[in-house]
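Below is one structure; the comments refer to it alone.
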Amino acid sequence: MIATGGIGDGARLWHLDWIRAGAMLLGIPYHAGLVYTPGLGWFVASPQGSEAIAALTGLLGSMRMGLFFWVAGLLTAIVLANRGPGTWLRRRFLRLGLPLLTATLLITPIVMLAIAYRVARDGGPGVSEAFLHLVSTPGPHWVGHLWFLQTLLVFSVVAVALRRPLAHLADTLATRARRGVGLREVLVIAALIAIWRLGVNGGWHLVQLHAAPGATFSMLKIEPTIDYAPFFLLGMAMRDMQPPRLERDASAWLILLASAAIYVMVWRDPALASKIARYGAGGVLAILGGGMVVALTASLARQRTAAVEALVAASFTLYLVHYPIVVWAGTLLQPVSLPPLAEYALCIAVALAGAHLAHRAIAASPTALLLFNGAAPGTRRPRPMPTRQPMETDR
């Protein structure tokens, strides 16, 4: 049963939707930042980079998706405690699988066309030839920013399969948390996740050296799924827990700021020592920083507003659509000699405006809403129930 005052408290539950939507929307400055980060070598790279943009992009990448999957796991656990797993999983495949298919067929080719345009502009084959080659060839270019939908589908199956042991773990953690959870425990979790992610990165590197996956296999995005699994499982296990209020702890802020400084310095360096520092600092930023974001948002966002409702409703479409706009904007701005910060701001503004227009068009059509959002006509996106009564099938 959800503990009184826990994170599933009905008075605060809605702010988790806000955080999840915010994490998706921050994909716009993150992907735009990849264009203007010097030395990163993203497939769309501006000749004019900015260290300030690189620092912001690195910090966004250090905690955005970890926080997203943590909240997704938490909301999944709350929903599964109140609804039948079979029905929920079927709805999940509609909600995520249909937009994944639609975006792959309709949005991804727009990104490929931008790549083909850049190849032709740089002296390669013509646009048509390069585009047809990309469309007819399997590979990671077919996935792009849609990898998170694949990962959420896998996590949904895992959540149903492990719902009983995870519910038992949630009960155990909630009982122990009543004795007090503080900065030390949070840092231990951060260290364990950092070790896990470093191991996944190193293990995947060895796999690629000795048995590189084929182009088709690379489309499954196995590495990020394994990489982010601890965040999702941690969210499910913390269903009944109240996170510690570390945003009031000066030591927590000092550790967080030190970790941010370390991360900014090393996140682009491929050396082993830098990778160790990167994953260590990234673990602190994702767990400690993410927990503080949740606590601060719960404190500041005390009531539901129309603006937040609109943001949550639009966030999914904005995330799906912004990526090709960022890619095209970055590609077309490459020959332009504006200051990098001005180009970066322009890229974000164009992506946000274009994605918003696309959202309004999709929201006006029940068919488009079904295809891009997985929302059946006449239904609203289901929200997790904030409280529940014990059920015989819960354990």
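Here are the numbers for the structure shown:
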{"item": "Length added when fully stretched, residue 211-residue 269, from 0.36 nm per residue minus Cα-Cα", "result": "18.4 nm"}
{"item": "Karplus (6.51, -1.76, 1.60) ³J(HN,Hα), θ = phi - 60°, over the range 160-173, in Hz, Gly and Pro reported as x", "result": "5, 5, 10, 4, 6, x, 6, 5, 5, 4, 4, 5, 5, 5"}
{"item": "Charged-residue dipole, Cβ positions (Lys, Arg, Asp, Glu), the chain about Cα centre, Debye nearest 20", "result": "1120"}
{"item": "Equivalent ellipsoid semi-axes, the range 121-204, via Cα gyration tensor eigenvalues times 5, rooted, Å", "result": "44, 18, 10"}
{"item": "Selected from 210, 133, 168 as most flexible by GNM, with the chain as the system and alpha-carbon contacts under 10 Å", "result": "210"}
{"item": "Degrees between helix 290-300 axis and first principal axis of the chain (Cα, 0 to 90, nearest 10)", "result": "70"}
{"item": "Charge dipole of the chain about the Cα centre (unit charges at C-beta), most positive-ward option of 150, 287, 235", "result": "235"}
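Read-outs: derived from the displayed coordinates by stated rules, not from any lab. As the structure is a computational prediction, the values presented were derived from the model and not from experiment. A quick note on method: Cβ atoms are made from the backbone with ideal geometry, for glycine too, and the neighbour counts reach across all protein chains shown.
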